[in-house]
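Colleague: What follows is a single structure, and I will ask about it in a moment.
The values are calculated or read from the model by the stated rules, or taken from the named source; none is laboratory data. Predicted model, so just to flag it, every value in this text is computed and none were measured. Here the Cβ positions follow ideal geometry from the backbone for every residue, glycine too, while neighbour counts run over all protein chains shown.
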């Protein structure tokens with residue numbers, strides 16, 4: 001494979017309104033952040049305390065849309081100079097870095113993109129050239145990870 005595929009995608013991202021490229025997650029299932037959290041809980045990818053905290057916070061936001069699109073966060077292309085992407089990314093990291101709720105990023109990212117009215121362009125072309133499967137395995141976390149992804153301990 002040569003770099004033409006990536007250069008072409010980079011140009012598309014740079015000249016897109018959103019400055020962002022990523023694929024939709026579970027297009028056929030839908031359901032938005034709330035449904036994604038249900039799937040996360042069913043797969044034991046986070047504990048209910050964290051999921052409940054996230055959903056409580058999201059529902060309290062006047063901009064929350066329960067049917068916002070959830071995107072895969074495995075392959076992402078973005079233009080760091082795109083002001084709309086910068087605003088959305090900053091909003092995401094302001095909340096996510098607080099470590100107050102779920103460490104699962106897709107539902108929060110879905111909320112932020114919807115709030116900022118960003119629609120990423122598709123990166124499906126990469127699958128054809130680099131074999132991205134979209135699956136990272138089946139993560140499971142025990143109740144010993146009671147507070148966060150660090151197994152209950154906080155970093156200083």
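Colleague: Among the residues of region 16-25, are any in contact with a helix residue (DSSP H, G or I) (Cβ under 9 Å, 6 or more places away or on another chain) and either over 15 Å from residue 109 (Cβ atoms) or loosely packed, with under 13 Cβ neighbours inside 10 Å (or both)?
Modeller: yes
Colleague: Now a separate question. Six or more apart or on different chains, Cβ under 6 Å: which pairs go from a residue in region 42-67 that's on the phi < 0 side of the Ramachandran plot and assigned to a loop (DSSP other than H, G, I, E, B) to one that's at pLDDT below 95 and surrounded by fewer than 17 Cβ atoms within 10 Å (Cβ to Cβ)? Could you list them?
Modeller: The qualifying pairs are 45/139.
Colleague: Taking only pairs six or more apart or across chains, which ones have beta-carbon atoms under 6 Å, a first residue in region 1-20 that is more than 17 Å from residue 84 (Cβ to Cβ), and a second residue that is part of a helix (DSSP H, G or I) and at pLDDT below 85?
Modeller: Note: pairs meeting the criteria are 1/129; 5/129.
Colleague: Can you pull out the residues in region 78-101 that are part of a loop (DSSP other than H, G, I, E, B), surrounded by 17 or more Cβ atoms within 10 Å (Cβ to Cβ) and modelled with pLDDT of 95 or more?
Modeller: Within region 78-101, the subset part of a loop (DSSP other than H, G, I, E, B) is 79-82, 97-101.
Going one step further and asking which of them are surrounded by 17 or more Cβ atoms within 10 Å (Cβ to Cβ), we end up with 79, 82, 101.
Listed by number, the residues that qualify are 79, 82.
Colleague: Sticking with this one: Within region 57-89, which residues are over 17 Å from residue 121 (Cα atoms) and touching a helix residue (DSSP H, G or I) at 6+ places or on another chain (Cβ under 8 Å)? Even if it seems obvious, please write down each step before you answer.
Modeller: Initially, region 57-89 is screened for residues over 17 Å from residue 121 (Cα atoms), giving 57-67, 87.
Those that are over 17 Å from residue 121 (Cα atoms) and touching a helix residue (DSSP H, G or I) at 6+ places or on another chain (Cβ under 8 Å): 57, 58, 61, 63, 64, 65, 66, 67.
Colleague: On to the next question. If a residue has to be modelled with pLDDT of 95 or more and in contact with a strand residue (DSSP E or B) (Cβ under 8 Å, 6 or more places away or on another chain) to count, how many in region 107-127 make the cut?
Modeller: Number of matching residues: 5.
Colleague: Would you mention how many residues in region 14-32 are at pLDDT below 95 and in a helix (DSSP H, G or I)?
Modeller: The qualifying residues number 1.
Colleague: So, of the residues in region 102-122 that are touching a helix residue (DSSP H, G or I) at 6+ places or on another chain (Cβ under 8 Å) and not in a helix (DSSP H, G or I), which turns out to be nearest to residue 52 (Cα to Cα)? Give the steps one after another, and end with the answer.
Modeller: Residues of region 102-122 that are touching a helix residue (DSSP H, G or I) at 6+ places or on another chain (Cβ under 8 Å), as a first pass: 102-113, 115-116, 118-121.
Subset that is not in a helix (DSSP H, G or I): 102-104, 116, 118-121.
On the way: 102: 8, 103: 12, 104: 12, 116: 23, 118: 26, 119: 27, 120: 27, 121: 31 Å.
Out of the qualifying residues, it is 102.
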